[in-house]
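Asks: Quick one: structure below, then a few questions.
None of the figures in this text is laboratory data; all of them are computed from the coordinates on show. All values reported here derive from a predicted model rather than from experimental measurement. Positions of Cβ are generated from backbone atoms using ideal geometry, with glycine treated the same way; all protein chains shown enter the neighbour counts.
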Amino acid sequence: MFFFGTNLKMHGTVAEHMAFIQKIAPDIPRDVNAFVIPPYTSLFPLSQGEKPVQICLGAQNMHWADEGAYTGEISPTMLSDLGIGLVMLGHAERRYKFSESDFVIRKKVIAAAKHNLCVLLCVGETAEEKNAGLTEIVLEHQLRVALDGLSSLPKLLVAYEPVWAIGEGSTEAGVDDVTRGMKAVHDTIRRCVKPQSKVPILYGGSVNAQNCTQYAGLELVDGLFVGRAAWTVSGFTTVLQQALSIRNSTKPEHLISGGDLNETAL
Ligand code: PGA
């Protein structure tokens, strides 16, 4: 089972997102866990209309409280009300452009567990942290603060997204960097997620049709989380098909062991 999704960030209109979802759906194979994370304005109409079954819709963020005096925020209760089952937490743009701390993210993870929402938890080091040799320490810290010692964990996916590789003008990550980050994420999850269960780890950050095969072919990569390159129908389907071509040719064991991921199927 391969995970593949896109975060549409603050782009597009309801009509564009509706057309996008309808058009990408037929090209998504059944053994792919596909998800699209649109802005809230589109989340509502998309969740109410007829949505292709092969695509899971997610929210880009949420508050930790069920309700309250939090102007401009959306609560887990509101997401559940729409039937939304997936929420992205800790995206680099929330951490660094909106000063969201690890401890705020932990509160949101706890709220997601309470409301039975699947969390796509994003972690990643900045360029300064990487250059200072702190990649492993930063990833471990972000994951531990978000997850360690929680009495109840939500259904969980983790996306490793180095901050220096995200968005326009960023640096494309090399295979060595991705392998190193994925290993740190994998090792920390093994230590702090109890009881031990398979947590799929996705890679994200400037993934596109040219570089996706080198990431999708890595042993620890269970899926790809794509931004800009997947915002068009042809972009989404091309990156997905390229990624699957390398998976299916070089890593049949992933398909064979797909049953292990049922627990985390979206
Ligand atoms: P990008 O975005 O693929 O456009 O770099 C990735 C992300 O923000 O998750």
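Asks: Quick one: which residues, 5 or more positions from residue 61 or on another chain, have an amide H under 5 Å from its amide H? H modelled 1.01 Å from N in the peptide plane, none for Pro or chain starts.
Replies: 88
Asks: Once you keep just the Cα pairs under 8 angstrom separated by 6 or more residues, what percentage relative contact order results for the range 137-213?
Replies: Taking the mean separation of contacting Cα pairs over the length of the range 137-213, I get 46 percent.
Asks: Roughly how many whole Å is it from the C-alpha centroid of the range 69-114 to that of the range 26-42?
Replies: The range 69-114 and the range 26-42 have Cα centres spaced 20 Å from each other.
Asks: Per residue and in cubic angstrom, what volume does the convex hull of the Cα atoms of the chain have?
Replies: Once divided by residue count, the hull of the chain is 119 Å³.
Asks: So, in Å, what gap is there between the alpha-carbon centers of the range 218-249 and the range 118-154?
Replies: Centre-to-centre (Cα) distance: 24 Å.
Asks: Going through the range 51-120, which chymotrypsin sites (Phe, Trp or Tyr not before Pro) have at most 16 other Cβ atoms within 10 Å and a DSSP loop state?
Replies: Filter output for the range 51-120: 70, 98.
Asks: Out of 85, 167, 68, any idea which swings most in a Gaussian network model of the chain, alpha carbons joined below 10 Å?
Replies: With Cα springs under 10 Å in the chain, the top fluctuation among 85, 167, 68 is at 68.
Asks: Take the Cα coordinates of the range 49-135, assign each an equal point scatterer, and use the Debye formula without solvent to give log10 I(q)/I(0) at q = 0.16, 0.17, 0.21 Å⁻¹.
Replies: Reported log10 I(q)/I(0), two decimals: -0.67, -0.74, -0.99.
Asks: Here's something else I'd like to know. In sequence order, what are the phi-derived ³J(HN,Hα) couplings for the range 33-49 according to the Karplus relation 6.51 cos²θ - 1.76 cosθ + 1.60 with θ = phi - 60°, rounded to whole Hz, with x for glycine and proline?
Replies: Each residue's phi maps through the Karplus curve to give 8, 9, 9, 10, 10, x, x, 4, 4, 8, 4, 4, x, 5, 6, 8, x Hz.
Asks: Could you pull out every residue, at least 5 positions away or on a different chain, whose amide H is within less than 5 Å of the one on residue 159? Hs are placed 1.01 Å off N in the peptide plane, and Pro or chain starts have none.
Replies: Here 121, 122, 123, 202 satisfy the definition.
Asks: Sort the range 1-91 into rounded, prolate or oblate with this rule: let a ≥ b ≥ c be the square roots of the eigenvalues of the Cα gyration tensor; rounded if a/c is under 1.5, and if a/c is not under 1.5, prolate when a/b is larger than b/c, oblate otherwise.
Replies: Prolate shape, in that a/c is at least 1.5 and a/b is the bigger ratio.
Asks: What relative contact order, as a whole-number percentage, does the range 63-157 give when Cα pairs under 8 Å and 6 or more residues apart are counted?
Replies: Dividing the mean separation by the residue count of the range 63-157 yields 31 percent.
Asks: By per-residue mean of other Cβ atoms within 10 Å, what is the highest-first order of 13-22, 199-208, 236-245?
Replies: Values: 13-22: 15.8, 199-208: 24.0, 236-245: 19.6.
Order by mean packing, descending: 199-208, 236-245, 13-22.
Asks: Hey, another quick one. In debye, nearest 20, what is the charge dipole magnitude of the chain about its Cα centre with +1 on Lys and Arg Cβ and -1 on Asp and Glu Cβ, if you could check?
Replies: That gives the chain a dipole magnitude of about 300 debye.
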